[in-house]
Structures are given as structure tokens and as C-alpha cells.
Amino acid sequence: MIRVSAGTAHVLGLKSIQSDADPTTGYFLTGEACRGQCAFCPQGQGETGKLSRIIWPEYPVTQILAAMKEQSSLKRYCLQVADGNQWLESTVELLQTLHREGLAVPRCVSCRPRSLEDTQQLLDAGADKVSIALDACTPEVAAQVGRDWQGTWALLTEASHAFPGRISTHLIIGLGETELEASRCLQELHILGITVALFAFTPVKGTAMAEAEPPDIGRYRRLQAVHYLLRQFGAQRFGSSRFGTIAFTPAQQAAIGPAAFETSGCPDCNRPYYNERPHGTMYNYPRPLTAAEFQHCLRDMEVSAGE
Ligand code: SF4
């Protein structure tokens, strides 16, 4: 059996849901019960069928493989691997199965490798990218939410040198970091050549952070803009205001394009409604923005809750 996100099940014709944005990547949740205890994640509370606010129904692997061969709109497959026993062996086996079945779509793995050798095995088995989730922007924030920041950073650094262009990470905004700390972290990851997927913290019922607030939209938009400018124009200096928010120069401000506010990460990863409730705040747009939405996001950037 394998779990797929509700949106992916919909695209694969296995489940009917109402959606105004379909995933362009197929998301699969694999691995046994996670051994982690991250304060923001339902997996650590034994909710094996949930990740962020998304429900992941379970299907036989053969049914999923047959459905994958039938459809052509998914441009990438993403294996989200829970940190359970035997996760590496089962992920390698699944990657090899996808290859054997002739499913010639780029595939990536989001997991917690322990070493360069683990990472190498996943790449050798057919992953084009391996995402090693840093999640927290600083060691202090990581300690508060139950993550090992130093160990993950050391592996990210090592892997980015060993496998240039093939390492990515997830960064969650709103776990307790300041705006400037998040901006510095984005800059350092960019310098290492690591692809970053930016997430907005999403409180999930039953987790230790169920009552915490999602990030202020002004802060999130400014960090999306920082991320965009880094990707478009490379490492650069970002100023700060007396309130501790990022202060863009007029040239930086003028260079911000609508793609800044789309979902970021691996190519073709759009994660519809991963952080958003339908009709709620649209942190990551899963599709190109309209002109009105872009103007709205630029206005969001001016909103400051202070530090
Ligand atoms: S960026 Fe998207 S496709 Fe890449 S590992 Fe993360 S969730 Fe998967």
C-alpha cells in the first residue's frame, strides 16, 4: 500500500474532490510511522495519514502504478518519506519500481538521510533531487521544535558539494525565527546551491503547536521576495528597517516579479493548499498570478507586524 495526497489521488482519477488547482507534481507518502517528534507535524503524534493539513488516503501500489501510466499531467513524482524503520530500503525499492515500470517522469525524495552514502543511494536509484529538510532557520528555533539543526546543516553542506544542483531543502517560516534570521538562512542556502522550498507554518490539530499562529503575511511575502531575488540575481545585500523587517532598495523592489509568490522548490512542484485553506490566505500560489493578485501581494509586503 502507498499513501497519496488527496489532490494527487484526484489527478490520478482515484478520488473526486473539488479543487480549483490541481497538483502538477504527484505527492506520495511512504515509510512506516515516523520516529521524529517535530512540534509542528502530525506524523510525530502517530497520525500516519496526515502531513501538514493534507489527508493522504492509502491505495495498493499496483493501482497507483496503473493510474500513473494512464495520466500525463503530472510532471514530477515526489516521495515524502516518513522517518520510520527501513525507510531507505523501501524508498530505493520504490524508485527502482518506478524506473522498471517505465514511468519516465523526474522524481525526487524528501527524507532524512543520515549520511552522504544514504543520499548517494537515493540518487543512484533514480531520484533527480534529494530534499533534506532543515525546516527551522536557526539552531535555537530547531531546538524548540525538536529538530537537529547542526547535524542537518552539516549534511546539507556536505551533500551540496558532493552532488551539486541535486540537493534541496524545506524551510518553514513562522516557527519562531525573526525575519532577518530567515533572510540570512535563505542567502546561505542559496550560496550553497541548494534549492529551497518555502513553507508557511500551518497549525495542525493535535500537534504541540496547534494553537500557534501562522506567519504574518507581510513577513512571508518579504521573504518570498528575498528568495525570488536570490534565485533571479544571485547573492546580494538586504537592508533592514528599524522594526527589524527587510528593507528593499528601489532597484530590488522594482525587480520583484509575480513568480516570487508562486510555490517554490523543485521544478513543477506546486503543492496546492498545503499551507492554505480554500478561500484563506494564499501563502504560496500554485499557479501563475493574475495582475490583480500580484498587486495584492506587493501591497502585502508593506504590512508589518513588527518584530
Ligand atoms: S520541493 Fe516539492 S517536489 Fe521537491 S521535495 Fe519538496 S515537496 Fe517534493
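Quick note: the coordinates plus some simple rules give every number you see, no bench work behind them. Every value quoted in this text rests on a predicted model; they were computed, and no experiment measured them. Methodologically, a virtual Cβ is constructed for each residue, glycine included, from the backbone with ideal geometry; neighbour enumeration extends over all protein chains shown.
Brief remarks on what is shown
- Counted residues, segment 9-46 - those being within 25 Å of PRO113 (Cα to Cα) and crowded, with 19+ Cβ neighbours inside 10 Å: 14
- Selection within segment 248-290 - aliphatic (A, V, I, L, M), farther than 29 Å from TYR77 by Cα and touching a residue at least 12 places away in the same chain (Cβ under 8 Å): ALA255, ILE256
- Residue in segment 189-220 that is farthest from the ligand (Cβ to nearest atom), counting only those that are buried (at least 23 other Cβ atoms within 10 Å of the Cβ), assigned to a helix (DSSP H, G or I) and not aromatic (Phe, Trp, Tyr): ARG219
- Residue check, ALA104 in a loop (DSSP other than H, G, I, E, B), under 23 Å from TYR274 (Cβ atoms) and among the aliphatic types (A, V, I, L, M): no
- With respect to (1) within 26 Å of ALA6 (Cα to Cα); (2) in contact with a helix residue (DSSP H, G or I) (Cβ under 7 Å, 6 or more places away or on another chain), the lone exception for ILE256 is condition (1).
- Among residues of segment 12-32, those that are under 22 Å from THR48 (Cβ atoms) and either in contact with a Phe, Trp or Tyr (Cβ under 6 Å, 6 or more places away or on another chain) or not polar (S, T, N, Q) (or both), counted: 11
- Cβ-Cβ under 6 Å pairs, at least 6 apart or on other chains, segment 20-38 side closer than 30 Å to LEU289 by Cα and within 16 Å of the ligand (Cβ to nearest atom), far side of a type in the set (D, E, K, R) and not in a loop (DSSP other than H, G, I, E, B): THR25/ARG76; LEU29/ARG3
Residue by residue, here is whether (1) more than 16 Å from the ligand (Cβ to nearest atom); (2) over 14 Å from THR8 (Cβ atoms); (3) out of contact with any His (no Cβ under 9 Å at 6 or more places or on another chain); (4) touching a residue at least 12 places away in the same chain (Cβ under 8 Å) holds:
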| site | (1), (2), (3), (4) |
| --- | --- |
| GLN63 | yes, no, yes, yes |
| GLU70 | yes, no, yes, yes |
| SER73 | no, no, yes, yes |
| GLN80 | no, no, yes, yes |
| TRP87 | no, yes, yes, yes |
| SER90 | yes, yes, yes, yes |
| VAL109 | no, yes, yes, yes |
| VAL130 | no, yes, yes, yes |
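- Selected residue (criterion: surrounded by the most Cβ atoms within 10 Å (Cβ to Cβ)) from residues of segment 111-128 that are more than 16 Å from the ligand (Cβ to nearest atom) and more than 20 Å from the chain's Cα centre (by Cα): GLN121
Residues checked against (1) within 16 Å of the ligand (Cβ to nearest atom); (2) exposed (fewer than 13 other Cβ atoms within 10 Å of the Cβ):
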position: ALA235; (1), (2): no, yes
position: PHE248; (1), (2): no, no
position: ALA255; (1), (2): no, no
position: THR263; (1), (2): yes, no
position: ASP268; (1), (2): yes, no
position: PRO272; (1), (2): yes, no
position: MET282; (1), (2): no, no
position: ALA292; (1), (2): no, yes
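- Of all residues in segment 70-91, those being within 21 Å of the chain's Cα centre (by Cα) and either among the aliphatic types (A, V, I, L, M) or part of a loop (DSSP other than H, G, I, E, B) (or both) number 9.
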